[in-house]
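**Student:** Here it is: the structure, laid out below.
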Amino acid sequence: EMINANEENQKMFIDGYLQEGLKLDYWWMDAGWYPNESGWTNTGTWEVDTTRFPNQLRAITDYGRSKDVKSIVWFEVERVTPGTWLYDNHPEWLLGDTEWKLLNLGDSDARDWLIEHVDNLINEQGIDLYRVHFNIDPLVFWRGNDLENRQGITEIKYVMGFLGYWDELRQRYSDMLIDTCASGGRRNDLEALRRAVLLLRSYLILEPTAQQNHTYGIASWIPFYGTGINAFDAYTFRSQMCVHSTACYDMRNPEQDFEELRQRYAEWCFVSPYSLGDYYPLTPYNSTNDVWMAWQFDRQELGEGVIQVFRRPDSVYESARFRLQGLIAEATYTLNNFDQLDEVEMTGRELMESGLLVSITEQPGSAIISYKLES
């Protein structure tokens, strides 16, 4: 969160990444950039805290763009808490009889105000990607606003208003992405994902086995997703690696092994585009630590792909064989293991029928193997 953030340290972090050769696509400014007396959860006044940011967020977003780094800024406009502008000035727009309240997006006046207000912030602060958060269970608020024989009406109007709000922002900013996050990894229904991407697929981040399982499962359903990444060692970093990676490194610490991180970053730059291809799980799903897990991403239109393999810490096996999928049986493929120097040639039939033998002596250990169709 950004409780202790200010213009100086935000610029310092941007410079830190770039000076270490770690190219940022976006600089992410999360919860707490607005006035809040009781912490980042004190939401409902959507103005920049000029005590910490006297030159507004625009000073940071302009600084980033001068270095070819765009900006992500966090919002949670639906939850309204005491002592904020919305709470004090527009109680008629709020649902609930509890301390925390819900901004009723089914109310056209509330929704119209929100559209214009957020539009102004996006424009004035130079925001490139709108991050949506949602940390309140809405059902009790919806039901509490309906008579017994009208249950569901407030919910229907709310959801229609919520989607209409996003649609209007997307119409006004056609090149702007929306990031959907609701207490980490929720609200990933089809209507939301038609309009947004999920840059943080779950709050259970960083732990290797959980990260492998997240990728294994979510890749079957959603082509673009992200997670936090904070590792330097190959096994943990590769476990966290997915299409979008959010770097969680403390750039104030010069003792970190940035040379190792640059190598891992180069691997991610290579692998990430393949994650948008066809996905094939190569092992069963398993949450225990005495197994291997592997999957394949195939870009058929390129004749290329990658295999990601993990030997978990309690596995006694040093080798495993994986039958690849989606290849051309009669074709020849060149394979390159990132941790070995020699290339190997195999036919598609061999890879799909006999399988690819992978040996990993480290415990835990990992492998990334790329393949390319020979012309």
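The values are calculated or read from the model by the stated rules, or taken from the named source; none is laboratory data. These numbers were taken from a predicted model, which means no experiment stands behind them. So basically every Cβ, Gly included, is an ideal-geometry build from the backbone, and we count neighbours across all protein chains shown. Ligands, DNA and RNA are excluded from the accessible area calculation, which covers all protein heavy atoms including side chains. Shrake-Rupley method; radii C 1.70, N 1.55, O 1.52, S 1.80 Å.
**Student:** Just checking, how many residues over segment 338-370 are assigned to a loop (DSSP other than H, G, I, E, B), farther than 12 Å from W292 by Cβ and open to solvent by 50 Å² or more (accessible area, probe 1.4 Å)?
**Tutor:** Total satisfying the criteria: 7.
**Student:** Here's a follow-up. Quick one: D250 ticks every box in (1) in contact (Cβ under 8 Å) with a residue 12 or more places away in the chain; (2) assigned to a loop (DSSP other than H, G, I, E, B); (3) at negative phi; (4) open to solvent by 20 Å² or more (accessible area, probe 1.4 Å) bar one, so which box is it?
**Tutor:** (1)
**Student:** Hey, can you tell me all the residues within segment 277-289 that are part of a loop (DSSP other than H, G, I, E, B) and either in contact with a Leu (Cβ under 7 Å, 6 or more places away or on another chain) or not hydroxyl-bearing (S, T, Y) (or both)?
**Tutor:** G277, L282, P284, N286, N289
**Student:** Can you tell me which of (1) in contact with a Lys or Arg (Cβ under 8 Å, 6 or more places away or on another chain); (2) buried (at least 20 other Cβ atoms within 10 Å of the Cβ) is the one L86 doesn't meet?
**Tutor:** The number of the failed condition is (1).
**Student:** Does Y280 satisfy the criteria of being more than 17 Å from I205 (Cβ to Cβ) and touching a residue at least 40 places away in the same chain (Cβ under 8 Å)?
**Tutor:** yes
**Student:** Determine which single condition M293 fails, assuming it passes every other condition in (1) open to solvent by 20 Å² or more (accessible area, probe 1.4 Å); (2) modelled with pLDDT of 95 or more.
**Tutor:** Only one criterion in (1) open to solvent by 20 Å² or more (accessible area, probe 1.4 Å); (2) modelled with pLDDT of 95 or more is unmet by M293, namely (1).
**Student:** As an exercise: evaluate W46 against (1) in contact with a Phe, Trp or Tyr (Cβ under 9 Å, 6 or more places away or on another chain); (2) at positive phi and give the number of the one condition it does not meet.
**Tutor:** Status for W46: all satisfied but (2).
**Student:** If you check K101 against the conditions, is it at pLDDT 95 or above and buried (at least 20 other Cβ atoms within 10 Å of the Cβ)?
**Tutor:** yes
**Student:** Does any residue of segment 47-57 turn out to be of a type in the set (A, V, I, L, M, F, W, C) and in contact (Cβ under 8 Å) with a residue 60 or more places away in the chain?
**Tutor:** yes
**Student:** Scan segment 308-346 residue by residue and report those that are without any contact (Cβ under 8 Å) to a residue 40 or more places away in the chain, charged (D, E, K, R) and in contact with a strand residue (DSSP E or B) (Cβ under 8 Å, 6 or more places away or on another chain).
**Tutor:** R321, E330, E343, E345
**Student:** Would segment 265-276 turn up any residue that is surrounded by fewer than 20 Cβ atoms within 10 Å (Cβ to Cβ), assigned to a loop (DSSP other than H, G, I, E, B) and at pLDDT 95 or above?
**Tutor:** No, segment 265-276 contains no residue that is surrounded by fewer than 20 Cβ atoms within 10 Å (Cβ to Cβ), assigned to a loop (DSSP other than H, G, I, E, B) and at pLDDT 95 or above.
**Student:** For residues that are of a type in the set (A, V, I, L, M) and under 15 Å from the mean Cα position of the chain (by Cα), scanning just segment 211-232, find the one that is surrounded by the most Cβ atoms within 10 Å (Cβ to Cβ).
**Tutor:** The selected residue is I229.
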